[in-house]
Amino acid sequence: MSHRKWLTEQIIGLIPHGSRVLDLGCGNGDVLSKLKSSKQINGYGIDCNFDSILSCIKHGLNVFQGNIDEGLKEFSDGTFDYVILSQTLQQVRRPTFVMSEMLRVGKYAIIIFPNFAYWKNRLQFMLGKSPRTPELPYHWHNTPNIRVVTINDFYSMCKKKKYVTQQIIPGNWLSKLLNRWSNFFSPVGMFVVCKESGIKQ
Amino acid sequence: MSESSVRNMQFFTAFTDEPLPLDGGQLLSNVTISYETYGTLNSSHSNAVLVCHPLSGDSHASSLNTPGDPGWWDTMIGENKPIDTNRYFVICTNVIGGCKGSTGPASINPLTQVPFGLNFPVVTIGDMVNVQYELIRHLGIDVLHCVIGGSMGGMQALEWAIKFPNHVRSVVPIAATARLSPQSLAFDAVGRNAIILDQSWNNGFYYGLTDQPEKGLAIARMIGHITYLSDEAMTLKFGRNLQKKTDYGYDFSTDFQVESYLKYQGEKFVSRFDANSYLYLTKAISYFDLYKKYDGLENAFKSSTARFLIISISSDWLYPSKQSKDIVKSLMKINKDVSFAEIQSPYGHDAFLMPCPDLEQLVTHFLGHHVTS
C-alpha cells in the first residue's frame with residue numbers, strides 16, 4: 001500500500017460517521033471525497049491552487065480557494081468536529097497560530113507532517129545532502145517547506161501549549177515495533193490533537 | 001424581417017390579473033418578458049438552466065438557433081459547451097427595465113398609449129427575478145437545475161437562491177457582489193449624470209424625437225467600459241500606442257488607441273441601447289444590497305437550499321474578489337453547500353464574457369456533477 005493511501009485510510013479511520021470536517025490544504029479532494037462516501041461527513045476543503053479546486057468541484061465537494069489563515073478566521077468556535085492539516089504544517093508561516101485556530105473552530109485537529117528526524121533524512125544530512133524522500137520529494141531550491149519539524153519538536157510544542165496529543169503510528173512493522181523511537185523510525189508524524197483530555201478513538 | 005423573428009425571441013406577459021408589487025412600492029401590470037431558449041426540456045422538466053444577462057446584455061445569449069448572429073455568451077452556451085444544449089434546456093430572458101423586448105421605459109404605457117419614459121417605475125434586481133419566476137412557472141418548470149450569470153446576472157442568481165429556495169437546485173454567480181462599493185456606485189452615478197445632463201435627454205421623454213441623448217449614453221458607456229477592463233488589459237491591448245498617427249497631434253483630436261477604442265464602444269452602444277434603460281438598470285444595480293435588504297448576508301441566505309459556486313476574477317476591480325469571498329464566507333458560516341474559485345485573468349470584470357478555459361471547466365464540472373434525471 002502506498003504511503004499516501006495509508007495516510008488517507010488512517011484519517012478516514014479516525015473520523016466518525018456524520019462528522020463535520022474541514023480539510024486545510026485539501027489538494028484534489030481525495031480525503032474529503034472518501035470521507036463523504038464512506039462516512040457521510042459534510043464540510044469544506046480549502047486550497048490555494050486552482051487545479052485542486054477544479055478537481056474538488058469535479059468530485060462534488062465544497063471548496064474554498066484561498067489561503068489557510070483566511071479560510072479559518074471566518075468560522076466561529078466549534079464549527080467542526082475535525083480539522084485536518086495533512087502534509088502542510090511545515091509549509092505555513094505561523095504554525096502555532098494555525099494550530100490554535102484549528103482547535104478553536106474544531107474539536108479535534110488531525111495533523112500530519114513529514115518528520116525531518118526520520119533516519120533516512122538524518123543519513124542524507126550526514127552525507128552532506130538535503131534530504132529527499134517520498135515524504136520530502138523536493139530539492140532545496142523548489143521546496144514549499146519552510147519549517148523543519150520533527151516528531152519530538154511537535155510533542156514539546158503541544159506540551160507547552162497544553163494540548164492533548166495522541167500519536168498514530170505508521171503501519172510498517174519496524175516503526176510499530178519501535179514506536180517509542182518513532183522520531184527516528186517514522187517518516188511522518190501523525191497526531192490527533194485537542195485542547196482538553198478525552199480524545200476519542 | 002424584424003430582429004425577433006430572426007432570433008426566435010419569444011414573449012410572455014405576466015401579472016395580467018394581479019399587478020406585480022415592486023420593491024419600490026409601486027405596482028406594475030401586464031409585465032412582458034422577452035426570452036429565448038436553447039436545447040430541449042426533458043420529460044421530467046428537470047434540466048432547465050436560467051442564464052441571466054449583465055447590464056448591456058439581452059435574451060440573445062447564444063447563436064445556436066441563429067448561426068451568424070452571435071450571442072453574448074457563445075463561449076459558454078451551445079452544443080458540447082459548458083452549458084451544453086445537448087443536455088440542458090437553456091433559458092435567457094431580457095430583464096424588465098431593459099430595452100430588448102421586456103417591459104421597460106421605452107414600452108408603451110397602457111394608460112397613456114405613449115412610451116413610459118420616466119413614468120416607468122424604478123425596478124430592482126428582486127423585481128426582475130420575480131418576473132423571471134413567473135416565466136419559469138409558465139414554461140412548466142418547478143425546479144431550475146441552475147441559475148447562472150455574470151455581474152448583474154450574478155446578482156439575479158443570488159436573488160433566486162434567496163427568494164425561491166425551493167425552485168433552484170444550484171446557482172453560479174460570476175464576478176458578482178452582494179452590494180456595490182462606494183467607488184462602483186460613483187462610476188454608475190457619473191454614467192447616469194452623463195445621460196441626464198445631455199440636453200437631448202429631455203427629462204426622459206425623447207422617444208419619437210429627432211434628437212436622442214446619444215452623447216450622454218455614449219459617455220456613460222465609455223465610463224462603464226473603463227470599469228469593465230483593467231489597467232493590465234488596457235496596457236496589453238493598447239499600451240500608449242497612437243491611433244493612425246506617428247506623433248501627437250498637439251490638438252484635441254483622437255491621439256491614443258485607447259481613446260479611439262472607447263469612442264468606438266460608445267458610438268456602437270447608442271445604436272443598440274436605450275438611454276433610459278441604462279438609467280433604470282444602473283439604478284437597480286446601485287440599489288442592490290443584500291446586506292440591507294435582508295439584514296445581513298447570513299440572514300439573507302438562511303433558507304437557501306441551492307448549491308453555490310461563486311466565481312470571481314482576479315483583476316476585477318469593479319466587483320473585486322473580496323466581495324465574492326464575503327458572500328462565500330457567510331454561506332460557509334451557515335453551513336451551506338458552497339464552493340469558491342478565483343479565475344486568474346488580466347482582463348478585468350468582463351473576463352467572463354471572453355473565452356476563458358478555467359471558467360469553462362469550472363462550470364462544466366459543477367453543472368455536470370449533480371446530474372438531472
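Would you point out the residue of region A:20-30, among those that are surrounded by fewer than 23 Cβ atoms within 10 Å (Cβ to Cβ) and more than 13 Å from chain B (Cβ to nearest Cβ), that is farthest from the chain's Cα centre (by Cα)?
Ranking the candidates gives A:ASP30 first.
Could you please give the count of residues in region B:43-57 that are under 13 Å from B:MET128 (Cα atoms) and not in a strand (DSSP E or B)?
The qualifying residues number 3.
Sort out which residues of region B:331-360 are within 10 Å of chain A (Cβ to nearest Cβ) and either buried (at least 22 other Cβ atoms within 10 Å of the Cβ) or touching a residue at least 60 places away in the same chain (Cβ under 8 Å) (or both), and write them in order of number.
B:LEU331, B:MET332, B:VAL338, B:SER339, B:PHE340, B:ALA341, B:ILE343
Please specify each residue of region A:107-140 satisfying the condition of being in contact with a Cys (Cβ under 9 Å, 6 or more places away or on another chain) and more than 21 Å from A:SER156 (Cβ to Cβ).
A:LYS107, the sole residue that qualifies.
If a residue has to be within 19 Å of the chain's Cα centre (by Cα), assigned to a helix (DSSP H, G or I), surrounded by 22 or more Cβ atoms within 10 Å (Cβ to Cβ) and hydrophobic (A, V, I, L, M, F, W, C) to count, how many in region B:177-217 make the cut?
1
Could you tell me which of the residues B:LEU290, B:LEU279, B:LEU353 is touching a Lys or Arg at 6+ places or on another chain (Cβ under 6 Å) and of a type in the set (A, V, I, L, M)? Let's see the steps before the verdict.
Numbers: B:LEU290 fails: touching a Lys or Arg at 6+ places or on another chain (Cβ under 6 Å); B:LEU353 fails: touching a Lys or Arg at 6+ places or on another chain (Cβ under 6 Å).
The match here is B:LEU279.
Got a number for residues in region B:11-29 being assigned to a strand (DSSP E or B) and over 16 Å from B:SER102 (Cα atoms)?
Of the residues in region B:11-29, 2 are assigned to a strand (DSSP E or B) and over 16 Å from B:SER102 (Cα atoms).
What are the residues in region B:89-116 that are surrounded by fewer than 20 Cβ atoms within 10 Å (Cβ to Cβ) and part of a strand (DSSP E or B), if any?
Once the filter is applied, which keeps residues that are surrounded by fewer than 20 Cβ atoms within 10 Å (Cβ to Cβ) and part of a strand (DSSP E or B), region B:89-116 yields only B:ILE108.
No value in this document is a laboratory result; all are computed from the given coordinates. Since the structure is predicted, the reported quantities are computational estimates derived from the model, not experimental observations. Positions of Cβ are generated from backbone atoms using ideal geometry, with glycine treated the same way; all protein chains shown enter the neighbour counts.
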